[in-house]
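Engineer: Sharing a structure with you now.
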Amino acid sequence: MRSFTTLATLLLTLALGACSSIETNPTDTAEFKAGNYTFFKWRSEPLTNANQSDDLLYVMDPIVRREVNSALNQRGFILDPERAQFSVDYLQAVGLREGVSSQDANGGIDPIPSARPNRQINQAMVDNAHALSGVQTTNNVAVQFNDVTTQQEVWRVIITKIIEDVNNVDTAAVERNINRAIKQAFRPLPNAS
């Protein structure tokens, strides 16, 4: 009975993880690994929010920086601008879900009637297809590592769908999502030399 409970818990954890809406697309780590890096710096300065704006850009900047620093520190990398061997930068943008075809972007409902076994197209399906065919916007972050000497990119990861509803931003949810996204995105990275 105990092994059944353990197995059920493991399967539930995996299922919940698979349902995560955050997607990461890292590049190969071979070039980064070959650099034998230990020290890093940020390529750009943190944003200053003098007017206390609640714009997503200002909300996410300190969170992304903190989580990236934490993830790199856990792998043994040291933030030291004077001795930095690679620089870290990120780009934040609202955009389309990466890698989603237009049919998938509207929930799989095709507005053009076609022959489908055991499925009849009715007006409600066509109306739903038109209503759901808008662009799916997400809040995407690309984290990029550049070699300080050559200024060439040595690793990059694109993280999509950190914010699901840009009209209702919950700062606590943003922190949780960024934390989970950075941990997921940095999994393939090697430890510091």
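No lab work stands behind these numbers, since they all come straight from the coordinates. Please read all numbers here as calculations on a predicted model, not as lab measurements. Reconstructed Cβ throughout: ideal geometry from the backbone, glycine too, with neighbour counts over all protein chains shown.
Engineer: Which shape class, rounded, prolate or oblate, goes with the range 28-71 when its Cα gyration tensor gives a ≥ b ≥ c as root eigenvalues, a/c under 1.5 marks rounded, and past that a/b bigger than b/c marks prolate?
Structural biologist: prolate
Engineer: Taking K and R as +1 and D and E as -1, what net charge do the other residues with C-beta under 12 Å from the C-beta of V64 add up to?
Structural biologist: Neighbourhood net charge equals -2.
Engineer: Now for a separate question. Near P81, within a Cβ-to-Cβ distance under 13 Å, what is the net charge of the other residues, with Lys and Arg +1 and Asp and Glu -1?
Structural biologist: 0
Engineer: Also, I was wondering about something else. Which order, highest average first, do 178-186, 22-30 follow once you tally other Cβ atoms within 10 Å for each residue and take the mean per peptide?
Structural biologist: Packing proxy ranking, top to bottom: 178-186, 22-30.
Engineer: Taking loop as defined by DSSP and a crowding limit of 14 other beta carbons within 10 Å, which GluC sites (Glu not before Pro) in the range 26-87 fit?
Structural biologist: E82
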